[in-house]
Amino acid sequence: VCSMGNSTSQLYSALTKTLSSSAVSQHQDCLEQPDSARLDPIDPKDLLEECQMVLQKRPPRFQRNFVDLKKNAASNHRPIRVMQWNILAQALGEGKDNFVQCPMEALKWEERKCLILEEILAYKPDILCLQEVDHYFDTFEPLLSRLGYQCTFFPKPWSPCLDVEQNNGPDGCALFFIKDRFELISSANIRLTAMKLKTNQVAIAQTLKCSETGRLFCIAVTHLKARTGWERFRSAQGCDLLQNLKSITQGAKIPLIVCGDFNAEPTEEVYKEFSNSSLNLNSAYKLLSPDGQSEPPYTTWKIRPSGECRHTLDYIWYSQHAWIVNSALGLLTEEQIGPNRLPSFNYPSDHLSLVCDFSFNQDPDRLL
């Protein structure tokens, strides 16, 4: 390990700290958030430098550019940047997912977590929605809270991570927002149901107040059931989530953004339910297509023993009467991803991060 020097030794300590299994077990229910208020704030530039030092033997980050989507006049407030990302649970990446073209060396947590942090620090989201988070208490909450985020985590009741030896606890959804920009009004941890049965999939929905405009909005994050053959199950989960969100947003009176890995292509019923919902939702990444009607060709691309898997599964949905999408981060090209696909030494997850800049529509009721 290279010497970090006195000025950044505290940051390096934060990066390398790992909770013992007994400490993790105390947080199985994750009903109480750790108190990181006593920790000193971190300068994001310092943390980025730390990450880059750890990653100095790896290839540089891929270059991705934002695509300007504005059609209206400039807003009178700063855009709200939202980032959606399934970061790949460490226990699953090493123990269950069988990425046959990805060297195990590329999955080492001490370096992969720096790749994840580097991606987050590069785009500086105001709101960050993550799935497959299994290092919340020893990595993401301690570090991101010191970067100024308020942090919430809701694990799966029966996380598959727990089946992996030397796991770091359950994976789940996590939601982070910059405390200086937003005030938390209400928060709901939702265990999704399907056919009246509680399932293993979850969501977090929070109502925030924008400090600059005084306007309320709801942000939600979810991760629906995976695998072929579970389409009806995902559809039922989606219906349950929509019902919850209708209640929270008072039937679309409060603007909504929903981020998630839906594990569903646009041809699936759950996608159609969100598209046709009375909440008047649109998928932000459709706006990157020439006609504004087509999803990207992929948001995940991997090679497993069963073959190559290239799918569009990840989405940022938004109330199209209430929000304007100013820009969206372009996806990685096939050439950038490379023949071995994802994850890789270049990129830490099998899913691509999605990032959008939103502004409030000045006349939201006109389009309802």
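The values are calculated or read from the model by the stated rules, or taken from the named source; none is laboratory data. Computed from a prediction, not measured in an experiment: that's the story for all the values here. Don't worry about glycine lacking a Cβ; one is built from the backbone with ideal geometry, like all the others, and counts go over all protein chains shown. Areas reflect the complete protein model, heavy atoms only, side chains present, ligands, DNA and RNA absent. Shrake-Rupley method; radii C 1.70, N 1.55, O 1.52, S 1.80 Å.
Of all residues in the range 327-351, those that are under 25 Å from H223 (Cβ atoms) and of a type in the set (A, V, I, L, M, F, W, C) have Cβ atoms under 9 Å from Cβ atoms of residues that are open to solvent by 30 Å² or more (accessible area, probe 1.4 Å) and assigned to a helix (DSSP H, G or I), 6 or more apart or on another chain, in A328/L287; A328/L288; L331/L288.
Checking the range 297-304 against the condition returns a match, with at least one residue being of a type in the set (D, E, K, R) and under 22 Å from the mean Cα position of the chain (by Cα).
If you go through the range 171-186 and keep only what is open to solvent by 10 Å² or more (accessible area, probe 1.4 Å) and within 17 Å of the chain's Cα centre (by Cα), you end up with just I178. Only a single criterion out of (1) of a type in the set (S, T, Y); (2) in contact with a Lys or Arg (Cβ under 8 Å, 6 or more places away or on another chain); (3) under 21 Å from E111 (Cα atoms) is not satisfied by Y149, namely (3). When residues in the range 203-225 are screened for being over 15 Å from Y271 (Cβ atoms), touching a Lys or Arg at 6+ places or on another chain (Cβ under 9 Å) and either among the basic types (K, R) or surrounded by fewer than 22 Cβ atoms within 10 Å (Cβ to Cβ) (or both), 6 of them pass.
Select from the range 141-168 the residues that are closer than 28 Å to K124 by Cβ and among the small types (G, A, S) and write down the one among them that is surrounded by the most Cβ atoms within 10 Å (Cβ to Cβ).
Initially, the range 141-168 is screened for residues closer than 28 Å to K124 by Cβ, giving 141-155, 168.
Remaining after also requiring among the small types (G, A, S): 145, 148.
Values: S145: 21, G148: 15.
Residue satisfying both the conditions and the ranking: S145.
Pairs are defined by a Cβ separation below 8 Å, a sequence spacing of at least 6 or placement on different chains, a first member in the range 194-217 that is more than 19 Å from G238 (Cα to Cα), and a second member that is of a type in the set (S, T, N, Q) and open to solvent by less than 20 Å² (accessible area, probe 1.4 Å); the pairs so defined are L216/T207; F217/T207.
Among the residues in the range 239-258, are any in contact with a Gly (Cβ under 8 Å, 6 or more places away or on another chain) and either free of Cβ contacts under 8 Å to residues at least 12 places away in the same chain or open to solvent by less than 10 Å² (accessible area, probe 1.4 Å) (or both)? First the steps, then the outcome.
Step one: of the range 239-258, the residues in contact with a Gly (Cβ under 8 Å, 6 or more places away or on another chain) are none.
No, there is no match, as no residue in the range 239-258 is in contact with a Gly (Cβ under 8 Å, 6 or more places away or on another chain) and either free of Cβ contacts under 8 Å to residues at least 12 places away in the same chain or open to solvent by less than 10 Å² (accessible area, probe 1.4 Å) (or both).
For every residue, the table says whether it meets (1) out of contact with any strand residue (DSSP E or B) (no Cβ under 6 Å at 6 or more places or on another chain); (2) at pLDDT 95 or above; (3) over 22 Å from V258 (Cβ atoms); (4) part of a helix (DSSP H, G or I).
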site: G93; (1), (2), (3), (4): yes, no, yes, yes
site: L115; (1), (2), (3), (4): yes, yes, yes, yes
site: L128; (1), (2), (3), (4): no, yes, no, no
site: C151; (1), (2), (3), (4): no, yes, no, no
site: F154; (1), (2), (3), (4): no, yes, no, no
site: P157; (1), (2), (3), (4): no, yes, no, no
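Conditions (1) β-branched (V, I, T); (2) open to solvent by less than 10 Å² (accessible area, probe 1.4 Å), marked per residue:
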| position | (1), (2) |
| --- | --- |
| P297 | no, no |
| I324 | yes, no |
| G330 | no, no |
| E335 | no, no |
| S349 | no, yes |
| V355 | yes, yes |
| S359 | no, yes |
| Q362 | no, no |
